[in-house]
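Notes for the one structure printed next.
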Amino acid sequence: MSNENFRRELNNAIDQISGSPSPALRDRVRSSLRGSPASAGPNWIAALAAGVIAILLVGVLLVANPLSRPSRQGPIAGTSPTPTPSAPAASPTPSPSLPPMVCGSSTSQTAPAPPLTTFIDGLRTGTHAGYDRLTIEFKNGVPTSVDAKPQASTTFTTDPKGEMLTLQGSSGILITIHGADLHTYYAGPLDIKTGYAGLMEVSRVQDFEGVVQLGLGVSGSGCYRLFYLTNPDRLVIDIQTS
């Protein structure tokens, strides 16, 4: 094999090494070595040695080069989301403290700056654990004063007619509201039979010249409490049931 042919074969071998390794590479190198004439002289031997060294160096570089190796990158762990601190639970709004029950004695409520006439626009009843409730709702503020007077019977005298009115229950409470009106804005019933255990019946006794009276027919101990609430303005009367 001439020097020119050997160099051509050597170049081809180096080109194949730069790509994927070929199974025929070793056979071609060996064939070139066997086919080299013994009489080529020292120049040929030096060239051959240089070519073999070049082939070895290229092979070592390809093996050692990390860029030629397939990537084996592991999965990237995702970042855990930062937990959002939960807001502290809101404390329940405490109910307003209720006044104590009164048994057998009169009570009253007064307003510091009442309107000339307070218009009643609602009478509502309801039952709760331990008491029944009458709510008197006002349209334009609380009245001048309110008096509550217990009595032994459920019979009341109407005003101005003077008629006798008997309600359900075993005893009564007369509620007198000064500076009030029950006919201008109120359109509900004037006699309410509840069927409750404590507050059994509510009836109008008077609605005349700025005074409104309501008779309450009650059962049981007859103990009660009287107080105002706002938004809207209203008078609350609770009758004890236990």
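Kindly establish whether T144 is free of Cβ contacts under 8 Å to residues at least 60 places away in the same chain and either crowded, with 16+ Cβ neighbours inside 10 Å or among the hydrophobic types (A, V, I, L, M, F, W, C) (or both).
Taking the combined requirement at face value, the residue satisfies it.
For G188, are the conditions met, namely being of a type outside the set (S, T, Y), touching a strand residue (DSSP E or B) at 6+ places or on another chain (Cβ under 8 Å) and outside any strand (DSSP E or B)?
yes
If you go through the stretch 182-206 one residue at a time, how many are surrounded by fewer than 21 Cβ atoms within 10 Å (Cβ to Cβ) and either acidic (D, E) or at positive phi (or both)?
Counting residues in the stretch 182-206 that are surrounded by fewer than 21 Cβ atoms within 10 Å (Cβ to Cβ) and either acidic (D, E) or at positive phi (or both) gives 2.
Quickly run through the stretch 118-128 and pick out the residues that are out of contact with any Ser or Thr (no Cβ under 8 Å at 6 or more places or on another chain) and surrounded by fewer than 16 Cβ atoms within 10 Å (Cβ to Cβ).
Answer for the stretch 118-128, where residues must be out of contact with any Ser or Thr (no Cβ under 8 Å at 6 or more places or on another chain) and surrounded by fewer than 16 Cβ atoms within 10 Å (Cβ to Cβ): just H128.
Before we move on, is I177 within 12 Å of F208 (Cα to Cα) and either of a type in the set (D, E) or assigned to a strand (DSSP E or B) (or both)?
Here the answer is yes, as I177 does meet what is asked.
For the stretch 198-236, which positions are at pLDDT 95 or above, among the small types (G, A, S) and over 23 Å from D159 (Cα atoms)?
Result: G198, S219.
In the stretch 133-174, how many residues are out of contact with any Asp or Glu (no Cβ under 7 Å at 6 or more places or on another chain), not in a loop (DSSP other than H, G, I, E, B) and not hydroxyl-bearing (S, T, Y)?
Matching residues across the stretch 133-174 total 15.
The values are calculated or read from the model by the stated rules, or taken from the named source; none is laboratory data. Since the structure is predicted, the reported quantities are computational estimates derived from the model, not experimental observations. For neighbour counting, all protein chains shown are included, and Cβ atoms are generated from backbone atoms with ideal geometry for every residue, glycine included.
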